[in-house]
Amino acid sequence: MARLQRTLSLGSVVLFGIAYMTPIIVLGTFGILAQSTAGRVPAAYLAALVAMFFTAMSYGRMASAFPVAGSAYSYVRKAISPKLGFIAGWAVLLDYLFLPMAIWLIGAAYLNSAFPAVPQWTWVLAFVGITSAINIVGLKLANGINALLMLVQFLVLIAFVALCIHYVGGDASTPLWSMKPFFNGDMQMPLIMSGAAIACYSFLGFDAVSTLTEETRDPRRTIPRAIMLITLIGGLIFVSVSYFVQIAHPSFQFDSVDSAAYEIARNIGGDLFVSIFLIGLIVGQFASGLSAQASGSRLLFAMGRDGVLPKSFFGTLHERFGTPVNSILLCAVVALLALKLDVTTSTSFINFGAFLAFSLVNLSVIFHYWIGGENKGLREFVLFLLFPFIGLAADLWLMVSLDHRAIYLGLSWLAIGVVYLAVLTGGFRRQPPEMDFQETT
């Protein structure tokens, strides 16, 4: 039986995870965060980082206990129950299925700001069509394009921060170092948590390195450490970048909230830089869209292959390209919802699924290590009960802080999942089919 070679070190895995998170998204969603927090975007990212730190710790614990692909689905299934594992997988499916929609919507919003004469729906359709065509041809092509595109967006992100610092340095009345982006007078925790609930969108994918288990040296130690480092490094990038952008543009009023960084880029760098920034952001969104649609279609294919979804539609591959064309096209059709949603609702809707999966992973640590463990001393209490409980509470708090429309959509998705699980298991009398994620990685 063929096996992947274990060649990846801790550094390689961390770099993969940071690239997968697409740090330039901190600029893409800056406007909606600035408006929802009344100009305290760094505070929202800091709150999100604290919540994600405890959740990442739980992911690390479960990755050490079960070094297999599948992440939340596998952890909850093995630690709690197969049925609850299905619900975790259903929550993850929400992210995978709808994430391309949010990515393409953000890109389309910025292109519409640059070229207002071209309707936003035109850009959405262009993103959907080009990305779907590349993924249908095959993942090898998509991965080759991604490697080049990631470098471009990192360079643009660095330039954006440098220009923010230069812009603030030219204004004697604006100090470079200030606590106002964190606490600007009237501290309202609900506003910060509402922003943090959206800010967590930037952290999505911190656990993606669990899919590299079979290619990583000493995965029981390396993967948990990588997950923690990715979360911390990513969080520090988001807090730092948003701080300098907030200092350069203290106001939370914009011509277009969905594309606020376009306006800021023009202020700090002029017409030339705004063009460079736009290229970098679109490159980042395009690369993210490629990966997100490819990952989502592979998950749908795996669910079809293993009988979780109808096999005749989802469990087939194209004869020539060897890609799950039906699943790719379904992701494309779902993305058309972007024609009716704004960035705030679309990202919040996706975060609902993420917070549900995160909550269940935190719960899995308690079940596996505390309830199922033999040792219950102070160390075990802190690591296996207190910390995951803090992560669980933080995730649930963030979930209820989401946009109300997103909560209603998320609950509707969850209800559909419960009904489908009932049908799949004959009224909950049988166990749901188990998915083999090893073949999707």
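The values are calculated or read from the model by the stated rules, or taken from the named source; none is laboratory data. As the structure is a computational prediction, the values presented were derived from the model and not from experiment. Neighbour counts are summed over all protein chains in view; Cβ atoms, including those assigned to glycine, are modelled from backbone coordinates with ideal geometry.
Just a few scattered comments:
- Residue satisfying all of: in the stretch 315-336; surrounded by fewer than 23 Cβ atoms within 10 Å (Cβ to Cβ) and within 24 Å of the chain's Cα centre (by Cα); farthest from Tyr420 (Cα to Cα) among these: Thr323
- Selection of the stretch 323-342 for residues being in contact with a helix residue (DSSP H, G or I) (Cβ under 9 Å, 6 or more places away or on another chain) and part of a loop (DSSP other than H, G, I, E, B) yields Thr323, Pro324, Leu341, Asp342.
- In the stretch 88-100, the condition of being over 16 Å from the mean Cα position of the chain (by Cα), touching a residue at least 12 places away in the same chain (Cβ under 8 Å) and buried (at least 20 other Cβ atoms within 10 Å of the Cβ) is met by no residue.
- Close pairs from the stretch 326-345: first under 15 Å from Val124 (Cα atoms) and among the β-branched types (Val, Ile, Thr), partner part of a helix (DSSP H, G or I) and at pLDDT 85 or above, Cβ under 7 Å, at least 6 apart: Val334/Leu97; Val334/Phe98; Val334/Met101; Val343/Ile32; Val343/Leu105; Val343/Ile106; Val343/Ala109; Val343/Asp258
- Taking the conditions (1) crowded, with 24+ Cβ neighbours inside 10 Å; (2) of a type in the set (A, V, I, L, M, F, W, C); (3) at pLDDT below 90 in turn, Ile18 satisfies each one other than (1).
- Annotation note: Cβ proximity below 6 Å between a residue of the stretch 417-441 that is closer than 12 Å to Ile87 by Cβ and modelled with pLDDT of 80 or more and a residue that is of a type in the set (S, T, N, Q) and assigned to a helix (DSSP H, G or I) (sequence gap 6+ or interchain) occurs for no pair.
- In this structure, Ile268 qualifies as over 22 Å from Asp342 (Cα atoms) and either buried (at least 17 other Cβ atoms within 10 Å of the Cβ) or of a type in the set (Gly, Ala, Ser) (or both).
- Checking the stated criteria, Ser240 turns out not to satisfy the condition of being among the polar types (S, T, N, Q), within 22 Å of Leu105 (Cβ to Cβ) and modelled with pLDDT of 85 or more.
- Members of the stretch 48-101 that are of a type in the set (Asp, Glu) and assigned to a loop (DSSP other than H, G, I, E, B): none
- Identification of helices (runs of 4 or more DSSP H) wholly contained in the stretch 366-441 with 3 or more residues that are surrounded by 13 or more Cβ atoms within 10 Å (Cβ to Cβ) and touching a Ser or Thr at 6+ places or on another chain (Cβ under 9 Å) yields 387-400, 404-424.
- Picking from residues in the stretch 217-262 that are of a type outside the set (Ser, Thr, Tyr) and in a loop (DSSP other than H, G, I, E, B), the one that is farthest from Phe203 (Cα to Cα) is Asp255.
- Verdict on Leu356 being crowded, with 17+ Cβ neighbours inside 10 Å and at pLDDT below 85: no
- Residue in the stretch 302-311 that is touching a residue at least 40 places away in the same chain (Cβ under 8 Å), part of a helix (DSSP H, G or I) and closer than 21 Å to Tyr110 by Cα present: no
- Filtered residue count, the stretch 152-175, keeping only those that are modelled with pLDDT under 80 and either part of a helix (DSSP H, G or I) or under 23 Å from Val283 (Cβ atoms) (or both): 1
- Exactly one residue out of Phe286, Phe238 is among the aromatic types (Phe, Trp, Tyr), over 14 Å from Leu157 (Cβ atoms) and within 21 Å of the chain's Cα centre (by Cα), and it is Phe286.
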